[in-house]
Structures are given as structure tokens and as C-alpha cells.
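Written out below as C-alpha cells is the structure these notes cover.
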């Protein structure tokens, strides 16, 4: 169920919904453990070269993304809500400890629901204005977030095969 | 106790500590009930002409402040943490539902601790840069937040006398 405080505005927000055949607990683990997240969280051949996750409200969510040319892009944000196996909300409008950030762009809401043996996976990007939504869409929100879901599912299955 | 996720930086943040002789429960009620908050939350002769509080993470914290000349100043923010009688955190970096705001300024942390029959009252303003801290201090953070604590205590005592 969508959080009752989240009000999606189609003019401002982007929503990706997918049904995937891995259980919610493993999706949660893939999202909340640095050594898992760094394996799938950017579309390849980009990589994640550093990742720090303090999975509690006010805690750090930071990654450093590296382009194929070797340029690094640090991203820092802050968790807002953490409900294991159900909902994770974080934002780049705040740094860790809820400190206002210089360049707010969006708040992300990840919602997981059991769907048979798999998961209904919903990712929502909440923006402050229409321009930010449009920029995010033009940057490839749907392709990018869709690609990393595929990468996450493949990573989870490979882990299972190895276990 | 200060929240473990809050890291005060003296270059960026402002802290007001007061010992007041009203109990934490009544301070909490004064902060979280619109009909109480509007009576004390701006230094008089300013007034609050509207107030909406949805006291849960992601919920609205909004007031409209009116100057003695009759000009109105709306403020909208969002609660981040709500621990009754202990801690209230809200920010103007996010609108309700965690939507990034256009003009982030600060995050406020209110901490209450029992102190005999009274309360140790700590208000912290967390800023993104030194300029924002300085502006807040120049706007009269200490006088303003100090004055409204006095107004709040007087309001609570008047309520008690009426009860």
C-alpha cells in the first residue's frame, strides 16, 4: 500500500511499476546492503565505486557512480522512512542528519508488496516542479530505473545460485 | 538525549537551550496542537492567522504569520521525526509528502527532557551552509526563539489557571 502521506501528482512525479520473480526479502536486502547495492544500482557499464548506507531515518544514503570514461559522480542523500520489506523513502533534498542540501532534485519512494512468490515493485520519484520531472524523464528515468531492476533481479538470482 | 543521527556543526547550526518550569507533556501539546501553537509561535504583536499540523513523518507543518501591518507570510514544511514528549524534527527543505521545496532554509530539531517538574528545552536549527546560519542569526534566531519560549510558557500557565 502506498504510504498515506505520499500524494502522487502526475504533473510532477514519475512512477515505475514492475512485477518481478524474486521475493520481497531479497529485494529489501539488495537495496539496503552496500555490497549488494553496488553490484546493480547503476546501468552497466557504469559502476559504483563507493557506497555508504545507514538504513534509518536521518541516516546516509551515498554512492559514487563512475562512468565508463572513469569520471566519478558522488551522490549523497538521507533516508526518511524505513519499513523493512515494505517501504524505503530517501531524498537528496537533505544530507545525512536532515541537513538541507544545496541542490535538491527528488525524493524516492520504493514500495514492495508480496506477489505470489515474487514482488510487486514500485519506484516513485517525487519532484518539486514540472521542470525537474521533465529533466528526470529526459535523463532516462524509465530506462535507467527499469534497467537496474533487471540487473537487481539477475544479481539476486546469481546470489541464490551461488548459495 | 540528542538523536544519534543529528550531528551539530557550530559553523552551520544554531542551538538554544532553556530550562522552563512547565512539564514536557504540556510543552509537547503546545507544539503539536494548532489551537495552542497559534497562540505563542510568533513574537507578538505578530499573529498566526492559519495553522495546519499533521503530526507524523511526512505530514504538513504549516503556519501563516501576519505582521502588525497586516502582511501575511505563509510557511510550509514537513515533519521528519515525531517522538511524543521527546523529539520533534521538521524541515522546510521538504513540503508535505516529502516533496522537495523550492527554497530550503533549515531543519528544526526540538528536544524535550524532564527536569524535575519542568523541562529542559533545546531547539536546534540546522542549515546547509554558513550563510544560511548567519542570515538566521541576523534575523534574530536567539531573540525570536527565546521570546516564543516565554510566550509558550505563559500560554501553558494561563491554560492551567483556566482549567
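Overview of results
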| read-out | value |
| --- | --- |
| Exam field: residue A:147 pseudo-label spacings to other copies (7 Å along Cα-Cβ), nanometres | 5.6 |
| Label point distance in nm, residue A:143-residue A:64, each placed 7 Å from Cα along Cα→Cβ | 2.7 nm |
| The range B:18-66-the range B:133-163 distance, computed between alpha-carbon centres (Å) | 10 Å |
| Neighbouring partner chain Cβ atoms per residue of B:90-96, average, 10 Å criterion | 5 |
| Zone of residue B:154's modelled label, taken as backbone nitrogen in the range B:44-71 under 17 Å from a point 7 Å along Cα→Cβ | B:44-48, B:68 |
| Within the range A:119-163, backbone nitrogen closer than 19 Å to the virtual label 7 Å beyond the Cα of residue A:35 toward Cβ | A:152-163 |
| Normalised contact order of the range A:13-162, rounded percent, pairs of Cα under 8 Å and 6 or more residues apart | 27 percent |
| Label point 7 Å beyond Cα along the C-beta direction, distances from residue B:160 to other copies (nm, shortest first) | 6.2 |
| Neighbouring partner chain Cβ atoms per residue of B:3-16, average, 10 Å criterion | 3 |
| Teacher prompt: residue A:134 distances to equivalent labels in other copies, 7 Å Cα→Cβ, nm | 3.6 |
| Minimum Cβ-to-axis distance in chain A for the rotation onto chain B, with residue, whole Å | A:93, 2 |
| Projected label distance in nm at residue B:161 and residue A:52, using a 7 Å step from Cα toward the beta-carbon | 5.2 nm |
| Inter-label distance, nm, simple model (7 Å from Cα along the C-beta direction), residue A:113/residue B:75 | 3.8 nm |
| Long-range tail of P(r) for chain A (Cα pairs > 26 Å, %) | 23 percent |
| Whole-number D in µm² s⁻¹ for the protein assembly as shown, Kirkwood Cα-pair radius fed into Stokes-Einstein, 25 °C, 0.890 mPa s | 115 µm²/s |
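Every number here is computed from the coordinates shown, using simple stated rules; none is lab data. Worth saying up front: this structure is predicted, and the values here are computed from it rather than measured. Methodologically, a virtual Cβ is constructed for each residue, glycine included, from the backbone with ideal geometry; neighbour enumeration extends over all protein chains shown.
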